[in-house]
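Taking it in order: structure first as structure tokens, then the write-up.
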Amino acid sequence: MGGTTFSFSATTLEASSLDGVLGQSLQKVGPEDATSWTWLAYDQLNEAFLESQDLNTTGVVLIESSSKAQRRPYHQQKLGVLLANQRHFALELQARGRPVLYLITKASYAEVLSEVSKTTGPLHCFHHAERELRKELEPLMESGLLVEHEHPGWLTPQSWFIESVGTEPPFRMDAFYRKVRQQTGWMMENGKPVGGKYSFDAENRFPWKGDPPAPAPPVYDADAIDREVEAMIRAHYGEHPGSVDLSAQPTSAEQVEQALHFALDCLPNFGTYEDAMSEKSRGLFHSRLATLVNLHRLMPRRLVEAALGSPAPINSVEGFVRQMIWREYVRHIHEVTDGFRTLEVKRTPSRRGAGWEGFGALEDDEPHPNHLLQTNPLPEAFWGKTSGMRCLDASVESVMEDGWTHHIPRLMVLSNIANLLDVHPRELTDWFHAGFIDAYDWVVEPNVFGMGTFALGTAMMTKPYVAGSAYINRMSDHCKTCQFHHKKTCPMTRLYWAYLNRHREAFAGNHRMAIALKNVARRADEEKALDRVAFHHVRDTLLAGQEVRPTTDGDLRAWS
Ligand SMILES: Cc1cc2nc3c(=O)[nH]c(=O)nc-3n(C[C@H](O)[C@H](O)[C@H](O)COP(=O)(O)OP(=O)(O)OC[C@H]3O[C@@H](n4cnc5c(N)ncnc54)[C@H](O)[C@@H]3O)c2cc1C
Ligand code: SF4
């Protein structure tokens with residue numbers, strides 16, 4: 001590269017100078033080094049974006065904006081994974097001869113892009129998955145400074161969703177899933193599902209007792225780029241939750257391949273133990289690929305094709321492909337409802353930032369979906385203060401240490417307990433958004449508002465996912481080391497009954513809830529009173545930041 005280099009007003013961009021390993025590795029580029037320039041957002045880290053539009057001679061703009069990183073108390077590992085992948089991607093593009101303009105700035109994306117486009121002319125970009133980013137960029141799109149192209153990373157067009165599900169609730173996955181299988185021909189033979197049925201879910205609900213052995217999660221060689229990102233995160237975002245360790249996450253193209261191999265090795269046992277939880281193996285046979293897929297370091301199509309071509313049993317392959325179609329499903333719901341803003345549902349305002357100390361960056365007056373009108377704050381136990389309930393504490397430990405748990409702790413422990421305690425769904429969503437390395441608004445909001453809680457009513461799910469201790473004891477080993485006895489002293493089942501009783505009017509008329517409501521109505525008044533005692537005690541104790549402890553003789557009246 002040669003000739004004039006880009007120069008920007010330091011006051012406009014408040015740009016940090018690029019030094020260190022990254023700065024030394026990146027070549028200086030100027031506007032004339034490419035025939036056009038394309039901005040790839042932080043979650044579009046794949047050259048396939050450019051190939052989809054024949055942008056073969058385009059230069060690429062990549063931006064690190066601390067104003068984005070400071071919007072939420074993002075887990076340090078999430079910031080690390082994202083930035084290290086983006087930096088590696090920049091160097092990989094450069095090694096293939098592509099001019100790369102890499103900017104590190106305190107300004108917003110919109111501010112940086114309008115400054116850059118003064119020199120380059122209109123920038124190409126691709127439809128953004130995150131609503132937050134789409135909103136920020138609207139003025140630039142309207143003024144023509146950004147020229148938007150279709151996002152090539154999705155597996156399904158919106159028309160398939162609309163044809164099978166519609167644009168109005170209730171939205172149901174099953175219709176969309178069948179449509180996708182039929183349209184793509186994935187696991188189909190002569191128009192019929194291979195194996196005679198669309199779903200093998202009934203074969204995928206086994207607990208894991210240690211056999212077959214679960215693989216250790218991969219360890220990656222962190223290089224100088226990774227170490228530099230780690231040091232930067234510690235220096236600038238050290239007050240964010242968790243810590244950063246890039247030997248636990250893939251960041252380079254080579255490591256992305258390593259991560260894919262790991263996932264394919266896990267696939268044969270993925271289906272059978274998909275719902276199991278264990279403290280001996282947090283990930284069991286889950287792929288751990290959501291982060292890479294959401295960043296598009298790994299294109300979803302490649303992953304699905306790899307799963308379809310694997311010799312794993314059909315219950316695993318079908319289960320895995322279905323999860324990837326779930327991903328499409330939640331993304332379509334997010335788009336057609338403008339992030340639920342067009343849905344008619346009860347709403348209430350909420351504290352933002354999920355109570356992480358010092359974070360008020362996202363304060364708003366906007367009311368958020370809240371069908372059951374749940375308004376309790378999130379207990380500090382979700383940020384790592386021990387609750388005394390092993391299932392919750394073990395799941396939170398994973399979040400604080402790894403920024404990750406697999407699906408079932410998210411659904412059946414973390415969301416379940418928050419639900420049973422009537423935590424505001426927006427606070428819980430904010431917590432998931434900040435705490436998980438794979439969280440982005442388009443995916444975390446439908447999963448928490450729509451599935452983890454019942455904040456959207458029946459718009460996405462027919463009934464809430466709530467359960468007592470029997471489920472957790474059956475599917476995990478948490479109860480074995482818990483100070484509570486899962487049958488005798490554990491408060492979970494009472495919390496479950498108390499929840500059903502409190503919200504019985506909201507569930508009236510929902511035939512999927514009829515049996516549960518009948519059962520709760522049959523409970524003796526004395527039992528119902530103890531259910532309420534358990535709810536008040538657990539809620540108040542956790543909200544006071546204290547541990548819940550069993551009563552000495554198991555009699556819950558001591559809690560009243
Ligand atoms: C309350 C709650 C919050 C969640 N928040 C997120 C989130 O912020 N980001 C996110 O990517 N997923 C989220 N999920 C979905 C799912 O839990 C994660 O995608 C999965 O656990 C990631 O681990 P994995 O990569 O090992 O996935 P695997 O279990 O190996 O699944 C394979 C792939 O399927 C996709 N997938 C599976 N389930 C879903 C789903 N429900 N929605 C979207 N994609 C899915 C992911 O890309 C994943 O990598 C959430 C689920 C719940 C219940
Ligand atoms: S006994 Fe109850 S609180 Fe303890 S781990 Fe089991 S379900 Fe959770």
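The values are calculated or read from the model by the stated rules, or taken from the named source; none is laboratory data. In this text the structure is predicted, and so the values were computed from the model without any measurement. All Cβ positions, glycine included, derive from the backbone under ideal geometry; neighbour counts span all protein chains shown.
Descriptive notes on the structure:
- Near pairs, Cβ below 6 angstrom, 6+ apart or cross-chain, from the stretch 115-129 (in contact (Cβ under 8 Å) with a residue 12 or more places away in the chain) to any residue that is aromatic (F, W, Y): E115/F8; T120/W37; L123/W37; L123/W39; C125/W39; F126/F49; A129/W442
- If you go through the stretch 395-410 and keep only what is of a type in the set (A, V, I, L, M) and under 15 Å from A248 (Cα atoms), you end up with V399, M400.
- Of all residues making up the stretch 430-489, the number that are within 12 Å of ligand 1 (Cβ to nearest atom), under 20 Å from D402 (Cβ atoms) and either of a type outside the set (F, W, Y) or not in a loop (DSSP other than H, G, I, E, B) (or both): 14
- Count of the stretch 187-220 residues which are assigned to a loop (DSSP other than H, G, I, E, B) and within 26 Å of the chain's Cα centre (by Cα): 15
- Meets criteria (of a type outside the set (A, V, I, L, M) and at pLDDT below 95) for E357: yes
- Residues that are within 14 Å of the chain's Cα centre (by Cα), more than 24 Å from A84 (Cα to Cα) and more than 16 Å from ligand 2 (Cβ to nearest atom), drawn from the stretch 398-450: H407, L428, T429, E445, P446, N447, V448, F449, G450
- In this structure, A276 qualifies as touching a residue at least 12 places away in the same chain (Cβ under 8 Å), out of contact with any Cys (no Cβ under 8 Å at 6 or more places or on another chain), aliphatic (A, V, I, L, M) and within 16 Å of ligand 2 (Cβ to nearest atom).
- Condition met for A516 (small (G, A, S) and either without any contact (Cβ under 8 Å) to a residue 40 or more places away in the chain or in a helix (DSSP H, G or I) (or both)): yes
- Of all residue pairs spaced 6 or more apart or on separate chains, those with beta-carbon atoms under 6 Å, a first member in the stretch 414-436 that is on the phi > 0 side of the Ramachandran plot and a second member that is more than 10 Å from ligand 1 (Cβ to nearest atom) are D422/Q374; D422/N376.
- Filtered residues of the stretch 369-393 (kept if within 16 Å of ligand 1 (Cβ to nearest atom), part of a helix (DSSP H, G or I) and not aromatic (F, W, Y)): C391, L392
- Complete set of residues in the stretch 397-413 that are more than 7 Å from ligand 1 (Cβ to nearest atom) and part of a helix (DSSP H, G or I): E397, S398, V399, M400, E401, D402, I408, P409, M412, V413
- Flag for R347 being charged (D, E, K, R), under 23 Å from A459 (Cβ atoms), out of contact with any helix residue (DSSP H, G or I) (no Cβ under 8 Å at 6 or more places or on another chain) and modelled with pLDDT of 95 or more: yes
- Among the residues of the stretch 205-225, the ones that are hydrophobic (A, V, I, L, M, F, W, C), closer than 25 Å to A253 by Cα and surrounded by 14 or more Cβ atoms within 10 Å (Cβ to Cβ) come to 2 in all.
- Residue under evaluation R341, criteria (1) over 18 Å from the mean Cα position of the chain (by Cα); (2) in a helix (DSSP H, G or I), criterion not met: (2)
- Residue in the stretch 50-59 that is buried (at least 19 other Cβ atoms within 10 Å of the Cβ) and at pLDDT below 90 present: yes
- One residue stands out in the stretch 542-559 among those that are touching a residue at least 12 places away in the same chain (Cβ under 8 Å) and out of contact with any Leu (no Cβ under 8 Å at 6 or more places or on another chain): the one that is farthest from W356 (Cα to Cα), namely G554.
- Residue check for A354: of a type in the set (G, A, S), in a helix (DSSP H, G or I) and under 13 Å from R426 (Cβ atoms): yes
Rundown of residues vs (1) more than 21 Å from E401 (Cβ to Cβ); (2) more than 10 Å from ligand 1 (Cβ to nearest atom), yes/no style:
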site	(1), (2)
Y237	no, yes
S247	no, yes
P250	no, yes
R288	no, no
H296	yes, yes
R301	yes, yes
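- Residues in the stretch 294-315 that are free of Cβ contacts under 8 Å to residues at least 60 places away in the same chain and part of a helix (DSSP H, G or I): R302, L303, E305, A306, A307.
- Within the stretch 165-178, not a single residue is in contact (Cβ under 8 Å) with a residue 12 or more places away in the chain, crowded, with 18+ Cβ neighbours inside 10 Å and among the basic types (K, R).
- Only one entry of K480, K488 meets the criterion of being in contact with a Gly (Cβ under 8 Å, 6 or more places away or on another chain) and within 16 Å of ligand 2 (Cβ to nearest atom), and that entry is K488.
- Candidates S159, S114: the one that is of a type in the set (G, A, S), part of a helix (DSSP H, G or I) and surrounded by fewer than 16 Cβ atoms within 10 Å (Cβ to Cβ) is S159.
- Residue within the stretch 352-360 that is without any contact (Cβ under 8 Å) to a residue 24 or more places away in the chain, small (G, A, S), more than 16 Å from ligand 2 (Cβ to nearest atom) and surrounded by fewer than 18 Cβ atoms within 10 Å (Cβ to Cβ) present: yes
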